[in-house]
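Engineer: Could you have a look at this structure, given as structure tokens, before my questions?
The values are calculated or read from the model by the stated rules, or taken from the named source; none is laboratory data. Keep in mind that this is a model prediction, so the values were computed, not measured. Cβ sites come from the backbone with ideal geometry, for glycine too, and all protein chains shown count toward neighbours. Heavy atoms of the whole protein, side chains included, go into the accessibility calculation; ligands, DNA and RNA do not. Shrake-Rupley method; radii C 1.70, N 1.55, O 1.52, S 1.80 Å.
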Amino acid sequence: MFPPAKNTRIGQPVRRREDLRLLTGKGRFSDDVSLPGQVYMVVVRSTHAHARLVSVDVRNALASPRVLAVLTGRDLLADGLKPFPHKPFTSHPADIKMENWDGTPLYSAPQYALAIEKVRHVGEAIAVVIGETVAAAKDGAELVEVRYEELPAVTATVAAARPDAPRLWDDTRSNIALDAQVGNDREGTAAGFARAAHVVRFETWIQRVTGVPMEPRAGVCEYDAATQHYTLHAGSGGAPRLKEDLAVMLNVPAKNVRVLMHDVGGNFGTRGFIYPEFCLVSWAARRAGRPVKWTCTRQEAFLTDYQGRDLAVEAELALDAEGNFLAMRGSNIGNAGAHTANFSPLRKGVEIMSSIYRMPAAWFRARTVLSNTMMTRPYRSAGRPEVMYVMERLIDLAARECGFDRIELRRRNLLTQAELPYTNPWGMIYDSGDYHAVMEKALELGDWSGFARRRTEARARGKCRGIGVANYVDTASGVPRERGEITVHPDGRVDVVIGIISNGQGHETSFAQLLNEWLGVSIDNVRIIAGDTDIVKIGGGTHGGRGLRMASIVMWNSVKQIIEKGTRLAALMLDCEPSEIQFRDGRFVKDGTGRSVGLTEVAGAGTRPGLPEDLRGPLWGFSDETVPIAAFPYGCHVCEVEIDPELGTVEIVGYVAVDDVGRAVNPLIIDGQIHGGIAQGVGQALYEQCYYEPRTGQLLSGSFMDYAMPRADCFPFFTTEISEVPSTTHPLGMRPAGEGGTTPALGVMINAIVDALAEFGVRHVEMPATPERIWRAIREGKTKVESRKAKG
């Protein structure tokens, strides 16, 4: 099934070399780290969604056996700790700028690692207890007495935006932190709707979900009082970013902080920013004078992991009589949670609302609101699955309500290759691609033309069968700067120092494949160093599809320096001019003679006497690049479902994904990323929701007993195909692949479900499309049909 292991160059489906270590229990995750003499931290958390802290009494907790210390918000302020260094927007120049339409500044309030005067969501940290054992710390935490003055809470996105909603922050007029108006032509949009033959309207709420990575968060920190130096072991999205943020919160110079990351068991964006506990465990180590360890329980994770999605949308699409799109407009409201941590999902969604379709004019109002919930942050393909879902639902609704064929409507409006590069209504420039070819391939693999026969056969068995299609584009930007270093050692080892940490994406294999192609070194000899800030000084971390996209650029630049220096060294070794040397397959070859020296031999030549200064030392190259251009992966998915109308249950009977990644380094890893992405998207479409009780703000889906997740038996075998139209804005033609499975999954699932229920007059089913919701939609649809017949 797989090629021989020796063929490990770019484009080969090489098995991940890190999997043997991980699957045999030889990984090293955050909770695997223990330090001599360590003690343990437990967090006391708010039981209310919104309340004033009247008092926090720690006396009984301090008297509890083997409790060493109890720290509160007052202690935190007294020790000079600082708030979170919130950055609501990533600073990528390709993303659109979003400001309040009236010119007022974005609202931002300080958030500390412990609540000071008020709590604003259930689970917010109020105090920490340090004990000699976990049990002792838990016993002490039970004895911390917190008196609350309960306040009204608001959790729902639209409700939080209303002027009369309970306000989270006393110095504001409302909970709206950002209120922007974006698009290319407000008047043109209005004109498009005025002359439209058809207008389709869609209103929805894309529900909140959480990432539930396999590894819960954990951290252990030791503090050296003599040097005032902190060393934190903790998994996150990137070591340099965590180091910088931690230094700010601890109010110490960055040189006083070292962050060490080993294996990280999942991310999806939930680990993309510093957490209170990483600051608290470091501060606790200083106060206790001993290493302190904290491990998140799964219940704590449900309450306090950064969450995703939560977007309320009202959208309209204008079409002419032939089905050409004329304009779109609407309103997007993103729910940021209790603090102004990050607004990027709102921006990254609205800037590609029109997807890869031709849209002459568009205008949207984009708002971020605060609510008494855990904060949201970018979560796998942040903001894009939500708006792709809206666009694809609008197209299906237009087809059904206006009498168009849903495939022909897409064909008519999809951008052609001749139109690329194309600037969409928000100023995003799609570089290259063949959108029509990808959709046609997905329809072919999904046997769209044979669906009618399968639907007839299903009806004979009493089942409803439906098929859906969804095109998508993803915009990958993130932190624009990355640095890489490569050193070739004389013993054959090659070290790659880079700031892009692996959260399960297979970097140890795919990054090594690049060097196998470029330097001819064995992938087994390549070591990736990404998680030690004493070595890795700069790096944007893993998020936003930037991993291989950014790593390939800085690694390629470093390799070119290595080859240039190696060529000059080889010329001295072979007694010729550098112009006579060719580098291929790991060797420097003198033209026409057959004489050559290997890369590792050259790596050891830097110690030869009499060398020019620039040839001495290790065979090494580095690159520090800022990439101001976004990437635009795209694709098309087709899904086929079968529904039992008596039960409302959904079975996915077929799923096809065709995704363009520009240039595939490892197709096997890409397929795995697509599979995982589909599972996450389908999970949201059918099962998952962070459900907050509206009145109290209590999280009612705070365990796996209440938060439904898809399992392997929920899926058929996926049919995947990779398209490779090189990106014209990447020096190696690459596009990201890690988020493509998720981005269209919401839309294609609901389109297929609604198609299956069309015979009952069902217009839409909200997510998650649970059996109960589907069952009710069928009953309501039947009632409406029967009522129309009775009147007719």
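Engineer: Give me the distance between the Cα centres of segment 35-107 and segment 233-305, rounded to whole Å.
Structural biologist: Each part reduced to its Cα centre gives a spacing of 13 Å.
Engineer: Compute the length gained on full extension between residue 695 and residue 185: take 0.36 nm times their separation in residues and subtract their Cα-Cα distance, giving the result in nm to one decimal.
Structural biologist: 179.6 nm
Engineer: Once whole DSSP H runs in the chain are found, which of them have Cα atoms spread over 18 Å or more along the helix axis and a mean Kyte-Doolittle score of at least -1.0?
Structural biologist: Within the chain the helices that satisfy the rule are 384-402, 547-573, 667-686.
Engineer: Additional query: Run the simple label-point estimate for residue 524 and residue 405 please: 7 Å along Cα→C-beta, distance reported in nm.
Structural biologist: 5.6 nm
Engineer: Can you give the FRET efficiency to the nearest 0.05 for residue 538 and residue 228, using r as the Cβ-Cβ distance and R₀ = 25 Å?
Structural biologist: Values: r = 23 Å, r/R0 = 0.94.
So, using R0 = 25 Å, E works out to roughly 0.60.
Engineer: For segment 463-603, count all C-alpha to C-alpha pairs, find those more than 18 Å apart, and express that count as a whole percent of the total. Write out the running numbers ahead of the final one.
Structural biologist: On the way: 5994 of 9870 pairs.
Beyond 18 Å sits 61 percent of the P(r) for segment 463-603.
Engineer: Can I ask one more? Calculated from DSSP H runs of 4 or more alone, at -39500 (n - 2.57) each and per residue, what is the 222 nm mean residue ellipticity of the chain, nearest 500?
Structural biologist: -8500 deg cm²/dmol
Engineer: Another question about this same structure. Could the peptides 633-643, 498-508, 738-748 be put in order, highest first, of the mean number of other beta-carbon atoms found within 10 Å of their residues?
Structural biologist: Values: 633-643: 27.6, 498-508: 24.6, 738-748: 30.6.
Descending packing order for the listed peptides: 738-748, 633-643, 498-508.
Engineer: Expressed in nm to one decimal, what extension gain is obtained for the pair residue 785 and residue 461 from 0.36 nm per residue of sequence separation less their Cα-Cα distance?
Structural biologist: Full extension from residue 785 to residue 461 adds 114.4 nm.
Engineer: Turning to a different aspect of this structure: Dividing the alpha-carbon radius of gyration of segment 232-343 by 2.2 N^0.38 Å (N being the number of residues), what value is obtained?
Structural biologist: In units of the globular-protein estimate, segment 232-343 measures up at 1.57.
Engineer: Related question: For the chain, what percent of Cα pairs sit more than 39 Å apart?
Structural biologist: Result for the distance tail: 41 percent.
Engineer: Between residue 416 and residue 758, with labels modelled 7 Å along Cα→Cβ, what's the label distance in nm to one decimal, could you check?
Structural biologist: 2.8 nm
Engineer: Still on this model: Run the reach check for residue 441 against lysines, Cα to Cα strictly under 30 Å, same-chain hits fewer than 8 apart removed. What comes back?
Structural biologist: Hits, sequence-local ones excluded: 348, 463.
Engineer: In addition: Roll a 1.4 angstrom probe over the protein heavy atoms and tell me the percent of accessible area of the chain that is carbon or sulfur.
Structural biologist: That share works out to 51 percent.
Engineer: Right, another one. With N residues in segment 329-394, what two-decimal value do you get for its Cα radius of gyration over 2.2 N^0.38 Å? All intermediate terms of the calculation are to be shown ahead of the outcome.
Structural biologist: Details: Rg = 12.4 Å, N = 66, 2.2 N^0.38 = 10.8 Å.
Expressed relative to 2.2 N^0.38 Å, the Cα Rg reads 1.15.
Engineer: So, how do all the Cα-to-Cα distances of segment 360-483 break down into 10 Å bins, in percent, from 0 on up?
Structural biologist: 9, 29, 33, 19, 9, 1, 0
Engineer: For the chain, what is the accessible area per residue in Å², given a 1.4 Å probe and the full set of protein chains?
Structural biologist: Per-residue value: 38 Å².
Engineer: Under a cut-off of 30 Å between alpha-carbon atoms, report the lysines in cross-link reach of residue 565, not counting same-chain residues fewer than 8 places apart.
Structural biologist: Straight-distance partners of residue 565: 6, 537, 590.
Engineer: If R₀ is 51 angstrom, what is the calculated FRET efficiency for the pair residue 138 and residue 582, using the beta carbon separation as r and rounding to 0.05?
Structural biologist: The calculated FRET efficiency here is 0.15.
Engineer: Now for a different question. For segment 1-85, take N as its residue count and report Rg(C-alpha) divided by 2.2 N^0.38 Å. Display every interim value, and only then the final one.
Structural biologist: Values: Rg = 24.3 Å, N = 85, 2.2 N^0.38 = 11.9 Å.
Segment 1-85 yields a ratio of 2.04.
Engineer: Hey, another quick one. When the solvent-accessible surface of protein heavy atoms is calculated with a 1.4 angstrom probe, in what order do 782, 590, 87 fall, highest first? Numbers along the way, then the final one.
Structural biologist: Details: 782 75, 590 35, 87 110 Å².
So, going from the largest accessible area down, we get 87, 782, 590.
Engineer: If you don't mind, another one. Over the Cα atoms of segment 547-669, what radius of gyration and what Dmax do you get, in Å?
Structural biologist: In Å, with Rg to one decimal and Dmax whole: 25.1, 86.
Engineer: May I pose another question? Give the calculated FRET efficiency between residue 714 and residue 320 to the nearest 0.05, with a Förster radius of 41 Å applied to their Cβ-Cβ distance.
Structural biologist: 0.50
Engineer: Now a separate question. By how many nm would the segment from residue 429 to residue 614 grow when fully extended, if each residue of separation counts as 0.36 nm and the alpha-carbon distance is taken off? Could you put the intermediate results ahead of the total?
Structural biologist: Details: separation 185, 0.36 × 185 = 66.60 nm, distance 4.13 nm.
Extending this stretch completely gives an extra 62.5 nm.
Engineer: Going highest first, how would you order 444-453, 31-40 by mean Cβ packing within 10 Å?
Structural biologist: Ranking, from highest mean packing down: 31-40, 444-453.
Engineer: Taking a quarter of the surface of the convex hull around the Cα atoms of segment 5-162, what do you get in nm²?
Structural biologist: Hull-based average projected area comes out at 17.4 nm².
Engineer: Could you state the per residue volume, in Å³, of the convex hull enclosing the Cα atoms of segment 389-446? Could the numbers behind the result be given before it?
Structural biologist: Working: hull volume 6.0 nm³, N = 58.
Once divided by residue count, the hull of segment 389-446 is 104 Å³.
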